[in-house]
Amino acid sequence: MNAILNRPASLTAAPYFTSLVTVLLLAVLLLAGGAAYPGFLSWQVMLNLLIDNAHLLVIAVGMSFVILSGGIDLSVGSVLALATMVAAWLLNVAHWPPLAVIAAVLAMGFAFGAGMGAFIHFFQLQPFIVTLAGMFLARGLCYLISVESITIDNPLFVTMSQTQLGVLGGFISPAAAIALAVLAAGIYVSRRTAFGRAIYAIGGNEQSALMMGLAVGRNKILVYGFSGLCAALGGVLFSFYMLSGYGQHAQGMELDAIAAVVIGGTLLTGGCGYVAGALSGVLVLGTIQTLIAFDGTLSSWWTKIVIGGLLFLFCVVQRLLSSRSQQQ
Amino acid sequence: MNVSSLKAAAPNAPAPLALLKHPLAKPLLALFALLLLDLVFIPGFFRLEVRDGHLYGPLIDIVNRAAPLMLAALGMTLVIATRGIDISVGAVVALSGTMACMLVGGTMVVNNGVPEYVANTPMPLALAAAMGAALLCGAWNGVLVAGLKLQPIVATLILMVAGRGLAQLLTDGQIVTVYYQPFFFLGSGYLLGIPFALWVVAAVLLVVGMLLKKTALGLFIQSVGINPIASRLAGIRTATLIFFVYVFCSACAGLAGLMISSNIKSADANNAGLLLELDAILAVTLGGTSLAGGKFSLAGSMIGALIIQTLTYTIYSLGVPPEVNMVVKAIVVFAVCLSQSAVKIRR
């Protein structure tokens, strides 16, 4: 720490620098909101950020792993929609017990992701194009089940959507608690397990990882499987939130997830970043949305434009930093 | 065009089996297989008739509807040839269509008791402004990719997210309807009995094709796609080339946006060109262009676009629910990927 303080130039070269910038940005956004709108900085508004974005946080954790491994997963939004659809169909039409439904949906998500991972590994295809096909496939399957929205009235799902867990005077939904648990698990796995280290190694340099004797193929397939699992879990949480299954749920959410991961400070070329960054990324996106909602006069389309601007900013910062560290 | 390129490769390979090795053979075979399916199952598929001096028929319909996709695929081919990708195509379509529709608009004026629609802005100006917006988008992408050296997918992701937001902001989230008659010509007019959109595509294809074949441009693009660093050392202005490739891609998307908005007589910032970038990428890959850059075929991309549109038409005509379309597309992408994969499965 001292060495970093003594040489200010090395702070910008530190791996956590962009993550630090994000946290600062989040603080600035929150303070600006607090200054402009009364009641913005209340505890419950902060907790609502978590409640409204629980599903996004979960898929962003999965996406973090994929991006850390040097890949990308464009199918998560569609898999989320497919999960809500399958859950609604199994509950309403097949009359499965709710816990079995959740287990089946999660298994489906994992299998879907792992399948794409297998395609990417065994046929040496680009993740971009394979997950693109996966995106088409999952959305198409949604519409095959039903083109209409299916309402979920299962007691367990309804309870999950209405339960309020008290936290220091405020409350969060069970979904938000689950999302935080997933985040914690994600951080643990990425920092403390062999799997996590293998992901960083593969993202850093796949060839070297292979020569080091890492099971690159197995880990890659697992990463996409994990992302699919997260997307399906996100779908379950989303169906708690919306109490419906619909093929058009979460249109474009894969991009929100990628944006959250990038804003959270993870390098898109892989190998560098933190899973914890997903939380700050999601919170930044959520805060922007809340700011626009509090303002009330701004068009909601400003959200998209601001997210685009932030993406630009962070990509450029990352680019400049990485080019500087290469020169050193 | 297809015929000539087939001939070009044919002289040393008279045997029919060798002909199968031609890069266009697979996409053409796929297209013929689809057409054969249509011939058997859809009555009157190949019927062409002349009505009011215009050509009509399912085939014309397919080609006409494929026009915006063909344009987008043209631009995408060059981008992919330089080892890039442009996922902002749909957003650019929405933006240019919105600009054109808002500027043209159309208000009713009663002239001597005859109601007439007048454009808000002179149409050439409106079209120029829309194309200008598209060019700006392309320049933005180009600067990010060629100047700042961002990964193409990330660089264009920014515009993909923000572009549609900008278009929505322009229209206040409303669908802008156009009432000005001459504007409709671009999307649904006929010239010499053939849809005008096709003339546009043919013109762009001809100009680009000539540029690539008759100048060294095609070679340069190929060399940048194969090895950007070596190309730069060999004296090719890699950055400039990449910049203009993205500008061209956006220009094509802008033109496609004009065509789409003129065809549906309105600008829908939310849905215009939705997922068009993905269809364009699919068309390019179907045409045999490698996503790894360096090897590309404009003719192949055109065939790819036709395959996608024919597939859609076939699905609709066979009475299969349109929802299946996405599943079929996904399966086609997987199949194409597998056929392109360098890894051969051991028997």
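The values are calculated or read from the model by the stated rules, or taken from the named source; none is laboratory data. This structure is a prediction, so every number in the text was calculated from the model and none was measured. Cβ coordinates were reconstructed from backbone atoms using ideal geometry, including for glycine residues, and neighbour counts include every protein chain displayed. Note: areas computed on protein heavy atoms with side chains; ligands, DNA, RNA excluded. Shrake-Rupley method; radii C 1.70, N 1.55, O 1.52, S 1.80 Å.
Six or more apart or on different chains, Cβ atoms under 6 Å: show the pairs whose first residue is in the stretch B:52-80 and more than 24 Å from B:Gly193 (Cα to Cα) and whose second is charged (D, E, K, R) and crowded, with 18+ Cβ neighbours inside 10 Å.
B:Val79/B:Asp86
Please go through the stretch A:254-267 and pick out each residue that is open to solvent by 20 Å² or more (accessible area, probe 1.4 Å) and either more than 18 Å from B:Thr156 (Cβ to Cβ) or not in a helix (DSSP H, G or I) (or both).
Correct list: A:Leu267 only.
When you go through (1) more than 14 Å from chain B (Cβ to nearest Cβ); (2) crowded, with 24+ Cβ neighbours inside 10 Å one by one for A:Gly39, which number turns out not to apply?
Unmet condition: (2).
Based on what the data block shows, is A:Thr287 touching a residue at least 60 places away in the same chain (Cβ under 8 Å) and out of contact with any Leu (no Cβ under 9 Å at 6 or more places or on another chain)?
Answer is no for this residue.
Counting only residues that are more than 7 Å from chain A (Cβ to nearest Cβ) and open to solvent by less than 50 Å² (accessible area, probe 1.4 Å), which one in the stretch B:161-170 is nearest to B:Ile80 (Cα to Cα)?
B:Gly163
Would you confirm, using the coordinates I've provided, whether A:Gly228 is in contact (Cβ under 8 Å) with a residue 40 or more places away in the chain, open to solvent by less than 40 Å² (accessible area, probe 1.4 Å), of a type in the set (Gly, Ala, Ser) and outside any helix (DSSP H, G or I)?
no
Within the group A:Gly309, A:Gly286, A:Gly234, which residue is assigned to a helix (DSSP H, G or I), within 8 Å of chain B (Cβ to nearest Cβ) and of a type outside the set (Asp, Glu)?
Residue meeting the stated conditions: A:Gly309.
Restricting to the stretch A:146-179, name every residue that is open to solvent by 60 Å² or more (accessible area, probe 1.4 Å), in a helix (DSSP H, G or I) and in contact (Cβ under 8 Å) with a residue 60 or more places away in the chain.
none
Here is a check on your reading of the model: is B:Asp38 surrounded by 24 or more Cβ atoms within 10 Å (Cβ to Cβ), acidic (Asp, Glu) and over 18 Å from B:Val201 (Cβ atoms)?
no
Could you give me the residue pairs with C-beta distances under 6 Å whose first residue belongs to the stretch B:304-331 and is within 12 Å of another protein chain (Cβ to nearest Cβ), whose second residue is outside any helix (DSSP H, G or I) wherever it lies, and which are 6+ apart or on separate chains?
B:Glu323/A:Val147
Given (1) within 14 Å of chain B (Cβ to nearest Cβ); (2) free of Cβ contacts under 8 Å to residues at least 12 places away in the same chain; (3) among the small types (Gly, Ala, Ser), identify the lone condition not met by A:Gly296.
(1)
Answer yes or no: is there a residue in the stretch A:202-216 that is open to solvent by 30 Å² or more (accessible area, probe 1.4 Å) and modelled with pLDDT of 90 or more.
No.
Of all residues being among the aromatic types (Phe, Trp, Tyr) and in contact (Cβ under 8 Å) with a residue 60 or more places away in the chain in the stretch B:181-208, which is surrounded by the fewest Cβ atoms within 10 Å (Cβ to Cβ)? Just the residue, please.
B:Phe185
Going by what's in this entry, would B:Gly132 be described as under 28 Å from B:Pro182 (Cβ atoms), outside any strand (DSSP E or B) and free of Cβ contacts under 8 Å to residues at least 24 places away in the same chain?
Here the answer is yes, as B:Gly132 does meet what is asked.
Considering only the stretch B:23-123, give the helices (runs of 4 or more DSSP H) lying wholly within it that have at least 1 residues that are under 22 Å from B:Phe185 (Cα atoms).
Qualifying helices (runs of 4 or more DSSP H): B:58-81, B:89-104.
I'd like the residue in the stretch B:252-275 that is more than 19 Å from B:Val178 (Cβ to Cβ) and open to solvent by less than 20 Å² (accessible area, probe 1.4 Å) and, out of all such residues, is nearest to the other protein chains (Cβ to nearest Cβ).
B:Ala253
Yes or no: A:Ala138 among the small types (Gly, Ala, Ser), within 14 Å of chain B (Cβ to nearest Cβ) and assigned to a helix (DSSP H, G or I)?
yes
If the requirement is being among the hydrophobic types (A, V, I, L, M, F, W, C) and assigned to a loop (DSSP other than H, G, I, E, B), which of these qualifies: A:Leu80, A:Leu91, A:Leu41?
Sole residue among the options that is among the hydrophobic types (A, V, I, L, M, F, W, C) and assigned to a loop (DSSP other than H, G, I, E, B): A:Leu41.
Evaluate the following for B:Leu192: is it at positive phi, over 20 Å from the mean Cα position of the chain (by Cα) and of a type in the set (A, V, I, L, M)?
Against the criterion (at positive phi, over 20 Å from the mean Cα position of the chain (by Cα) and of a type in the set (A, V, I, L, M)), B:Leu192 qualifies.
Just wondering, is there one or more residues in the stretch A:31-54 that are within 21 Å of the chain's Cα centre (by Cα), at positive phi and not acidic (Asp, Glu)?
no
Quick check: anything in the stretch A:116-124 part of a helix (DSSP H, G or I), away from every other protein chain (no Cβ under 13 Å), of a type in the set (A, V, I, L, M, F, W, C) and surrounded by fewer than 24 Cβ atoms within 10 Å (Cβ to Cβ)?
Within the stretch A:116-124 (the criterion being part of a helix (DSSP H, G or I), away from every other protein chain (no Cβ under 13 Å), of a type in the set (A, V, I, L, M, F, W, C) and surrounded by fewer than 24 Cβ atoms within 10 Å (Cβ to Cβ)), the answer is no, since none of the residues qualifies.
Which of (1) within 14 Å of chain A (Cβ to nearest Cβ); (2) open to solvent by 50 Å² or more (accessible area, probe 1.4 Å); (3) not in a helix (DSSP H, G or I) does B:Gly173 not meet, given it meets every other one?
All conditions are met except number (2).
Tell me, which residue of the stretch B:307-322 that is open to solvent by 50 Å² or more (accessible area, probe 1.4 Å) and touching a helix residue (DSSP H, G or I) at 6+ places or on another chain (Cβ under 7 Å) is modelled with the highest pLDDT?
In this case the residue turns out to be B:Tyr313.
Which numbered condition in (1) modelled with pLDDT under 90; (2) open to solvent by 30 Å² or more (accessible area, probe 1.4 Å); (3) away from every other protein chain (no Cβ under 14 Å); (4) farther than 16 Å from A:Tyr246 by Cβ is the only one that A:Val93 fails?
Condition (4) is where A:Val93 drops out.
Step by step: first the residues of the stretch B:140-154, then only those that are assigned to a helix (DSSP H, G or I) and at the interface with chain A (Cβ under 7 Å from one of its Cβ atoms), then the one that is farthest from B:Leu78 (Cα to Cα). Which residue is that?
Per the stated criteria, the residue is B:Val154.
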